[in-house]
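One structure is given below, encoded as structure tokens.
The values are calculated or read from the model by the stated rules, or taken from the named source; none is laboratory data. This is a predicted model, so every value here is computed, not measured. A quick note on method: Cβ atoms are made from the backbone with ideal geometry, for glycine too, and the neighbour counts reach across all protein chains shown.
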Amino acid sequence: MNLKNTIKALRQKHGDISQQQLAEMVGCSRQTIISIESGCKNPSVEIALKISYALKTPMDEIFSLEEGKEKETFCKKIHEFFKFNKIKS
């Protein structure tokens, strides 16, 4: 499942931070930032949190699920999981 992100827009908003600068702030390679920003790679939770802190923006304002069948299936599974666990409790 791919995530959409607003990293590029946020880099520009926060003083035109370069991909290299963001990578240094996050502690990863520039190529990792390029891959995440372009949607070729999903970040680990750790990298996503570090990007969030670096850009001073909540994660849900940076990353979101792609619209479509994958998102619907994911949301349905989450809903069923919580419904099932509520009944069992």
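Please work out which residue is nearest to GLU66 (Cα to Cα), limiting yourself to segment 1-42 and to residues that are assigned to a loop (DSSP other than H, G, I, E, B) and at pLDDT 95 or above. Filtering first and then ranking leaves THR6. Here segment 1-56 is the region considered, the condition is being of a type in the set (Gly, Ala, Ser) and over 30 Å from THR73 (Cβ atoms), and the residue that is surrounded by the fewest Cβ atoms within 10 Å (Cβ to Cβ) is GLY15. Checking each residue in segment 10-30 for being closer than 16 Å to PRO43 by Cα and not acidic (Asp, Glu) picks out GLN19, LEU22, ALA23, MET25, VAL26, GLY27, CYS28, SER29, ARG30. One residue stands out in segment 24-58 among those that are without any contact (Cβ under 8 Å) to a residue 12 or more places away in the chain and among the small types (Gly, Ala, Ser): the one that is farthest from THR6 (Cα to Cα), namely SER29.
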